[in-house]
1. Just the residues that are within 26 Å of Asn12 (Cβ to Cβ) and either touching a residue at least 60 places away in the same chain (Cβ under 8 Å) or among the charged types (D, E, K, R) (or both), please, taken from the range 78-92.
2. Just the residues that are of a type in the set (Asp, Glu), in contact (Cβ under 8 Å) with a residue 12 or more places away in the chain and part of a helix (DSSP H, G or I), please, taken from the range 8-56.
3. Got a sec? Which of Ala37, Ala62, Ala66, Ala27 is surrounded by fewer than 11 Cβ atoms within 10 Å (Cβ to Cβ), of a type outside the set (S, T, N, Q) and more than 11 Å from Ile80 (Cβ to Cβ)?
4. List every residue pair whose Cβ atoms lie under 6 Å apart, where the two residues are 6 or more positions apart in sequence or sit on different chains, the first residue falls within the range 59-77 and is within 15 Å of Leu36 (Cβ to Cβ), and the second residue, located anywhere, is modelled with pLDDT of 95 or more and basic (Lys, Arg).
5. Identify, by number, the condition in (1) modelled with pLDDT under 95; (2) over 16 Å from Arg78 (Cβ atoms); (3) hydrophobic (A, V, I, L, M, F, W, C) that Leu33 doesn't meet.
Amino acid sequence: MSTDATTWTERNRPARLERRLAFADYAALRDFLDALASLSEASGLYPDISFGRTSVSLCIQAEEGAAGLAVEQRDLARRIDALIGESLATAA
């Protein structure tokens with residue numbers, strides 16, 4: 001897997017974090033998406049996901065009406081980073 005950016009990009013209007021990832025093949029992408037689904041269900045936070053055959057774009061948005069991202073949304077980004085690290089370790 002490779003990342004198009006080494007970190008999340010923070011945007012202000014609306015408040016959100018964005019990240020794009022590229023995978024070697026669909027199987028690796030699917031494994032990551034399955035792990036992300038489990039993480040989302042456990043945390044109760046669901047990023048917006050757009051994916052193709054070997055890439056995924058993630059967007060974590062602030063709650064509607066909030067001025068900025070909450071601690072929980074930033075924590076979700078860190079937990080997703082950990083999943084990315086696990087996916088890299090598995091691929092090696």
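1. Start the filter on the range 78-92 by keeping residues that are within 26 Å of Asn12 (Cβ to Cβ), which leaves 78-84.
The answer is Arg78, Arg79, Ile80, Asp81, Ile84.
2. Asp31
3. Working: Ala37 fails: surrounded by fewer than 11 Cβ atoms within 10 Å (Cβ to Cβ); Ala62 fails: surrounded by fewer than 11 Cβ atoms within 10 Å (Cβ to Cβ); Ala66 fails: surrounded by fewer than 11 Cβ atoms within 10 Å (Cβ to Cβ).
Just a single option satisfies the conditions, and that option is Ala27.
4. Cys59/Arg16
5. With (1) modelled with pLDDT under 95; (2) over 16 Å from Arg78 (Cβ atoms); (3) hydrophobic (A, V, I, L, M, F, W, C) applied to Leu33, the lone miss is (1).
The values are calculated or read from the model by the stated rules, or taken from the named source; none is laboratory data. For clarity, every value in this text was computed on a predicted model and none was experimentally measured. Don't worry about glycine lacking a Cβ; one is built from the backbone with ideal geometry, like all the others, and counts go over all protein chains shown.
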